[in-house]
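Below: one structure, written as C-alpha cells.
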Amino acid sequence: MSVHLLLDGVNRSFDGYKAINDLSLAVDKGELRAVIGPNGAGKTTMMDIITGKTRPDSGGVWWNQTVDLTKIDEAGSARLGIGRKFQKPTVFETHSVEENIALSLKAERSVLATLFHRQTEAEAARITELLELVRLEGDRHRPAADLSHGQKQWLEIGMLLAQDPELLLVDEPAAGMTDAETMRTAELLRSLAGKHTVIVVEHDMDFVRALDCRVTVLHQGHVLTEGSLDHVSANPEVIEVYLGR
Amino acid sequence: MTSLIDRRMGIFLAGLFVLTVAVPIGNLAFDGKVVPSYIVSLLGKYLCYALLAVALDMVWGFCGILSLGHGAFFALGGYAMGMHLMREIGDRGVYANPDLPDFMVFLSWDELPWFWMGFDNFWFASLMVMLVPGALAFLFGWFAFRSRVTGVYLSIITQAMTYALQLAFFRNEMGFGGNNGLTDFKDVLGFPIQSDATRAGLFVCTAIALALGLLIARAITTSKLGMILVCIRDAESRTRFMGYRVEGYKLFIFVVSAMMAGVAGALYTPQVGIINPGEFSPANSIEIVIWVALGGRGTLVGAALGAILVALAKTLFTGWFPEFWLFALGGLFILVTLFLPKGVLGLIEETFARKKKPAPALQEAKA
C-alpha cells in the first residue's frame, strides 16, 4: 500500500508556543486512523496544516508522495480531494438541508460554472441517496438552522460525502450524538475505509474502540505512540498524559 | 428551483410598470397639470436611488460585504455621463468655445485632457459608465479580498476610498470641474434636457433600468452562485473548505454591483442636472446602507422600496424642518434595527401573512 498522506518533521509555533513539535505521521491509502490526545495536543492545528489553513514553520506535508500541501490553500486542498468535518458542526443555516448537500456535491467550482449551473438528474439522485444515508430525507426542505445538534452532525457528514473526497478528516464526529448514533457513525466510517482514507480525531474511547483501527496518540504536538487501541492504552506514558486523567 | 419572479418581485414590477405609464402620461397629456414636471424628475431620481440600493443589496445582503463606499461607483457613473453631456454643449457655453468645456476655458487650459477623449460619443460614454466603476471595484476588490480583509476593516477602507476620491475630484487640476462639478447641460442625445418630453423619456429609461437591474440581481442571487454568496456571508471559512475560492465570488459580485451603481449614477446626472464631488461624500454612502437596512436586507425589492421611501421622506422632511432631517434619519435607522430586523418589506409581508389566517410562510422564511 502506498502512503497517502505524509507529515514529515512538521513544526509550528504560535507566539512562542509550540503547537506542533517535530510531528511525523504517515497514513496509507484506504486506511482508517484514529488520532487521540488531550486538549492542546495539536490535533486541530494538525488538521489546519493538512488543509492549508495554517502554514508550518518547517517540515514537509506530502499528498500522494508528490504534491506539496504546504503550498496549497483551503480551497486547493478541497479540490485535491481532502474533505474536512469540523468539531463544531458548521452547516449553512439559512440554506435548506437539500441545498447544503447540493452545494457540497463534487462539481466545477469556478464562478462562471456556478453562475450558469443547472441541476442534473444525476445530481438530484445523488442528493436523495445521500439524504437517505444520513436519514434526513424527511427534512430536506427545512432550513438547516432548524436541525438538532445531532442532525447537524449528520448533515455535515452528508456534505462531506457529497464532496466525494479521497481523504476525510473528521473532527469529533460523535459529539452531541446519542449512543446508538455514535455506533452508527463508527460503522459508517468503517465502511468508508478502503475506498477512502479516513482520519478521525476523537475523545470518546468507546467510539475509538468501535472504529477498531490503528490509533495515534498525540501529546504536545508530537506523536507519543502508535498502534492498536489495546497497545497504546497499555503504554504507561499514554496513561499518564491522557487516559489516567 | 426558485422562480425568477416571485410574488414580491411581481407586485413591485407591476407597480413600477403602472408608474412608468401613468407618470409620463399624467405629465405630457395634461400639460403638467396632473403631474408637474419637477415631480417627474424627482421620481426619476428616486428610481436611480432604488437601483443603487439594489446594487448594494447584492453585495451586502447576499454576500455580507458591507460596502460604505458604493456612492463612489454611483458618482463615477454619474461623472462619465456628465462628461458626455458637457461635450454635447459644444459651443453653446458661456465662453462659446467649441473645443473646451467652460471650466477648462476659465482655468486657461489649451486643450482637452486625454481622458476626456472619446466622450463626445454617447456610446463610448455609456460603456465608461460601467467600465470605470467596474475597473475600480475590480482593482480594489482584487487586493482587499485576496488579503482576506473582511468585516469592519473592509467597510472602513471602502469609506476611505470614496473619501479619497471626493478630495481628488475637488481639485481643479483633476480636470473634472473641481468643486463645481459638471453642470449646465443642454442636450442628451440631441433632445433638449430641460424639455418635458426628455424628462419623461429619462424617467421611463430609469424605470426600465431598475426593472432590468432587479431581474439581473434576482437571476444572480437565485443561481447556484447566489447560494454560494450566502454561504460566504454566513460561514466564509467553511465555504473555502468545500473547495470554493471565496475571493473570486466576492470579486464577481462586487464588480457587477459597482457597474450597476454606475448605471444608476449615469441616469441620475441628466435628471438632476449636475454632478459634483459631493456625491462622493462618505455620508451619501452610509445613507445607501440605511435604505437597504430599512427596506429589508437581502430581499432586493425591499432595498429598492427602502431607497424610495427614505428619499421621499427626505424630500418632505427637508421641506418642513430642514435642520432635523439627519436626526430623523438616524432615529429611523435605530428604530428599524431594533424593531424591524427584516425591514419594511418584512413588516408588510408579515402583516399580510397574519391577515390570511395561518399562511404557509415557511417557504419565504429564507431571506
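Restricting to the stretch B:121-159, name every residue that is farther than 23 Å from residue B:56 by Cβ and outside any helix (DSSP H, G or I).
The answer is B:121, and nothing else.
Is there a residue in the stretch A:219-242 that is of a type in the set (Ser, Thr, Tyr), at pLDDT 90 or above and part of a strand (DSSP E or B)? Step through it out loud before you land on a result.
Taking the stretch A:219-242 first, the residues of a type in the set (Ser, Thr, Tyr) are A:225, A:228, A:233, A:242.
Those left that are additionally at pLDDT 90 or above: A:225, A:228.
Remaining after also requiring part of a strand (DSSP E or B): A:225.
Looking for residues that are of a type in the set (Ser, Thr, Tyr), at pLDDT 90 or above and part of a strand (DSSP E or B), one finds at least one in the stretch A:219-242, hence yes.
Do we have residue B:246 as under 30 Å from residue B:135 (Cα atoms) and touching a Lys or Arg at 6+ places or on another chain (Cβ under 6 Å) here?
yes
So, in the stretch A:149-176, exactly how many residues are among the polar types (S, T, N, Q) and touching a residue at least 40 places away in the same chain (Cβ under 8 Å)?
Taking the stretch A:149-176 and keeping what is among the polar types (S, T, N, Q), we get A:151, A:153, A:163.
Retained after the next criterion (residues that are touching a residue at least 40 places away in the same chain (Cβ under 8 Å)): A:153, A:163.
Final tally of qualifying residues: 2.
Need the failing condition index for residue A:182 against (1) within 14 Å of another protein chain (Cβ to nearest Cβ); (2) surrounded by 17 or more Cβ atoms within 10 Å (Cβ to Cβ); (3) assigned to a helix (DSSP H, G or I), just the number.
(1)
Which one is nearest to residue A:157 (Cα to Cα), of the residues in the stretch A:125-142 that are within 14 Å of chain B (Cβ to nearest Cβ) and surrounded by 13 or more Cβ atoms within 10 Å (Cβ to Cβ)? First the steps, then the outcome.
Taking the stretch A:125-142 and keeping what is within 14 Å of chain B (Cβ to nearest Cβ), we get A:127, A:139-142.
Those left that are additionally surrounded by 13 or more Cβ atoms within 10 Å (Cβ to Cβ): A:127, A:139-140, A:142.
Values: A:127: 13, A:139: 15, A:140: 15, A:142: 17 Å.
Restricting to residues being within 14 Å of chain B (Cβ to nearest Cβ) and surrounded by 13 or more Cβ atoms within 10 Å (Cβ to Cβ), the top hit is A:127.
Can you pull out every residue in the stretch A:150-172 that is in a loop (DSSP other than H, G, I, E, B) and within 13 Å of residue A:84 (Cβ to Cβ)?
Within the stretch A:150-172, A:163, A:165, A:166, A:172 meet the criteria.
From the list A:94, A:114, A:90, which one is polar (S, T, N, Q) and within 30 Å of residue A:222 (Cβ to Cβ)?
Values: A:94 fails: within 30 Å of residue A:222 (Cβ to Cβ); A:114 fails: within 30 Å of residue A:222 (Cβ to Cβ).
So the residue among A:94, A:114, A:90 that is polar (S, T, N, Q) and within 30 Å of residue A:222 (Cβ to Cβ) is A:90.
With respect to residue A:95, determine if the residue is within 14 Å of another protein chain (Cβ to nearest Cβ) and in contact with a Cys (Cβ under 9 Å, 6 or more places away or on another chain). It would help to see each step written out before you state the result.
Details: within 14 Å of another protein chain (Cβ to nearest Cβ): yes; in contact with a Cys (Cβ under 9 Å, 6 or more places away or on another chain): yes.
The answer is yes for residue A:95.
For residues in the stretch B:228-249 being of a type in the set (A, V, I, L, M), crowded, with 22+ Cβ neighbours inside 10 Å and facing chain A (nearest Cβ under 7 Å), which is nearest to the chain's Cα centre (by Cα)?
B:230
Filter the stretch B:161-208 down to residues that are assigned to a helix (DSSP H, G or I), out of contact with any Pro (no Cβ under 7 Å at 6 or more places or on another chain) and over 24 Å from residue B:29 (Cα atoms), then give me how many there are. Spell out the reasoning first.
From the stretch B:161-208, those assigned to a helix (DSSP H, G or I) are B:161-170, B:172-174, B:178-180, B:196-208; that's our starting set.
Still in the running and out of contact with any Pro (no Cβ under 7 Å at 6 or more places or on another chain): B:161, B:164-165, B:167-168, B:172-174, B:178, B:180, B:196-197, B:199, B:201, B:205-208.
Those still in the list that are over 24 Å from residue B:29 (Cα atoms) too: B:161, B:164-165, B:167-168, B:172-174, B:178, B:180.
Looking only at that region, the number is 10.
Against the condition more than 16 Å from residue B:238 (Cα to Cα) and over 20 Å from the mean Cα position of the chain (by Cα), how does residue A:164 come out, does it pass?
Numbers: more than 16 Å from residue B:238 (Cα to Cα): yes; over 20 Å from the mean Cα position of the chain (by Cα): no.
When the stated conditions are applied, residue A:164 does not pass them.
Answer yes or no as to whether residue A:70 is surrounded by fewer than 16 Cβ atoms within 10 Å (Cβ to Cβ), hydroxyl-bearing (Ser, Thr, Tyr), free of Cβ contacts under 8 Å to residues at least 40 places away in the same chain and over 22 Å from residue B:62 (Cα atoms).
Working: surrounded by fewer than 16 Cβ atoms within 10 Å (Cβ to Cβ): no; hydroxyl-bearing (Ser, Thr, Tyr): yes; free of Cβ contacts under 8 Å to residues at least 40 places away in the same chain: yes; over 22 Å from residue B:62 (Cα atoms): yes.
No; evaluated as a whole, the condition is false for this residue.
Do we find a residue being surrounded by fewer than 23 Cβ atoms within 10 Å (Cβ to Cβ), under 27 Å from residue B:225 (Cβ atoms) and not aromatic (Phe, Trp, Tyr) anywhere in the stretch B:52-71?
Just the residues of the stretch B:52-71 that are surrounded by fewer than 23 Cβ atoms within 10 Å (Cβ to Cβ), to begin with: B:64, B:66.
Still in the running and under 27 Å from residue B:225 (Cβ atoms): B:64, B:66.
Restricting the remaining residues to those that are not aromatic (Phe, Trp, Tyr) gives B:64, B:66.
Yes, that holds for at least one residue.
Among the residues of the stretch A:41-76 satisfying the criterion of being of a type in the set (Gly, Ala, Ser) and farther than 22 Å from residue A:15 by Cβ, which is nearest to the other protein chains (Cβ to nearest Cβ)?
Pass one, the stretch A:41-76, residues of a type in the set (Gly, Ala, Ser): A:41-42, A:52, A:58-60, A:75-76.
Adding the requirement that they be farther than 22 Å from residue A:15 by Cβ leaves A:60, A:75-76.
Numbers: A:60: 22, A:75: 5, A:76: 8 Å.
Applying the filter and picking the extreme gives A:75.
Hey, can you tell me all the residues within the stretch A:67-117 that are within 21 Å of residue B:148 (Cα to Cα) and small (Gly, Ala, Ser)?
If the condition is that a residue be within 21 Å of residue B:148 (Cα to Cα) and small (Gly, Ala, Ser), then A:75, A:76, A:77, A:78, A:110 are the ones that fit.
The values are calculated or read from the model by the stated rules, or taken from the named source; none is laboratory data. The shown structure was predicted, so the numbers you read here are calculated from the model rather than taken from an experiment. Ideal geometry is used to build each Cβ from the backbone, glycine not excepted, and the neighbour counts take in all protein chains shown.
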